[in-house]
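What follows is calculated from the coordinates using simple rules that are stated; it is not laboratory data. Fair warning: this is a prediction, and the values are worked out from it, not measured in the lab. Neighbour counts are summed over all protein chains in view; Cβ atoms, including those assigned to glycine, are modelled from backbone coordinates with ideal geometry.
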Amino acid sequence: MLTNVIPKTRSELTLPGLEAAVGNTPLLPLQRLGADLSPDVQVYAKAEWFNPGGSIKDRPAFNILRTALERGELEGGKRFLDSTSGNMGISYATFAAALGIPLTLAIPSSASPERFAILQALGAELKLSDPLESSDGAIHLAQQIYAVDPQRYYYANQYQNDANWQAHYLGTGPEIWHQTGGQVTHFVCGLGTTGTFTGVGRYLAEQNPDIRLISMQPDSAFHGLEGLKHLETAAVPGIYDDSLPDWQLTVSTETAQEMTLRLAREEGLFVGVSSGAAAVAALNIARGLDEGIVVTVFPDAGYKYLSERFWESA
Ligand code: PMP
């Protein structure tokens with residue numbers, strides 16, 4: 001529930017101000033891109049760039065930070081440490097700045113210049129990992145930093161941390177259920193840490209075991225879908241539950257980029273490339289249906305990808 005209560009004293013000006021802005025994002029219909037679908041099929045996307053840090057990762061970042069604080073993990077001035085491909089780092093940096101928590105992030109040096117600029121603006125300490133090793137390289141670097149000085153850091157490890165998928169089990173999943181009036185039939189979701197798919201999937205399966213859960217990944221190890229993982233060749237996250245997906249889809253970088261452009265130009269949705277990939281997968285599923293409500297997730301907006309060339313085409 002959104003509240004807007006003005007605090008009486010400065011000491012009350014703490015994180016709940018930002019917390020109230022996390023989640024409760026709009027569920028937007030794809031209108032023109034779904035024009036060829038059966039009239040009884042609808043496709044919706046959760047517009048996650050409405051979160052204060054600009055992406056879906058506000059949800060797990062906030063939950064992981066809150067859980068760490070509640071457990072006293074950051075006592076004694078410990079630095080909060082994790083690896084990130086960008087968005088989780090921006091969310092951590094947003095809340096860490098608000099809470100005055102020192103933050104160290106391991107991030108591939110190949111992350112987009114826009115991401116580095118935002119992280120620097122928010123004051124995070126950055127450690128750069130090998131671009132060829134992608135997000136797995138950032139994980140290894142964070143592990144090394146922690147191993148050298150475990151007293152100095154709390155290593156959050158978003159890939160193994162239950163507070164990641166639980167944020168979606170408690171927030172994103174119930175929101176989708178309520179926003180569709182319990183009518184959702186298919187949930188289609190990209191896999192990165194797998195937190196979104198695992199948390200939402202578990203929640204929806206409990207509400208109605210007939211809901212089909214469809215995971216989506218890049219089609220190859222070397223891909224341009226920032227935030228997503230090719231699980232066959234990458235380190236599989238500890239929180240991943242491989243019993244959940246009913247179907248698994250892959251999407252190529254080129255198809256995702258083309259769809260990202262179409263979302264901007266035909267739907268007025270200026271989103272990131274993993275959203276384009278999610279739309280490709282959701283529309284593929286929707287095309288095979290006579291009736292149903294297909295829900296997917298658009299993790300972030302297009303601003304952080306503006307330096308990519310594909311925007312210039314056609
Ligand atoms: N898309 C983008 C742009 C992301 O930053 C992420 C997070 N890595 C994802 C998709 C995947 O979300 P999750 O980590 O919950 O699987």
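Worth a mention:
- Relative to the longest principal axis of the Cα atoms of the chain, helix 253-267 runs at roughly 80 degrees.
- Amide H contacts of Lys127: Leu105, Ala106, Ile107, each under 5 Å away and 5 or more positions distant or on a separate chain (H built 1.01 Å from N in the peptide plane; Pro and chain starts excluded).
- Among the GluC sites (Glu not before Pro) in the stretch 53-86, those placed in a DSSP loop whose Cβ has at most 10 other Cβ atoms within 10 Å are Glu75.
- Bridge type composition, the chain - antiparallel percent by DSSP, nearest 5: 15 percent
- Over the C-alpha atoms of the chain, the Rg to Rh ratio, Rh being the Kirkwood estimate, stands at 0.96.
- In degrees, nearest ten, helix 58-70 long axis to first principal axis of the chain (Cα): 30 degrees
- Only Cα pairs under 8 Å and 6+ residues apart enter the sum, and on that basis the relative contact order of the stretch 58-155 stands at 32 percent.
- Of the GluC sites (Glu not before Pro) in the stretch 225-284, those whose Cβ has at most 15 other Cβ within 10 Å and which sit in DSSP loop: Glu232
- Helix 273-287 and the longest principal axis of the Cα set of the chain meet at an angle near 30°.
- Distant-in-sequence amide H partners of Tyr154 (H built 1.01 Å from N, under 5 Å): Arg79, Phe80, Leu81
- Overall size of the stretch 58-155 from C-alpha positions, given as principal axis extents largest first: 36, 27, 20 Å.
- The stretch 42-133: trypsin sites (Lys or Arg not before Pro) falling in loop per DSSP and having at most 11 other Cβ within 10 Å: Arg71
- Neighbour counting of Cβ atoms within 10 Å sorts the residues Glu312, Glu114, fewest neighbours leading, into Glu312, Glu114.
- Entry note, the chain: relative contact order of 21 percent, from Cα contacts under 8 Å with a spacing of 6+ residues.
- Farthest positive-ward along the chain dipole, Cα basis, beta-carbon charges - from Ala235, Ala264, Leu119: Leu119
- With θ taken as phi - 60° and the Karplus curve 6.51 cos²θ - 1.76 cosθ + 1.60 applied, the whole-hertz 3J(HN,Hα) list for the stretch 303-312 is 3, 6, 10, 5, 6, 6, 6, 5, 4, 7 Hz, x standing for glycine and proline.
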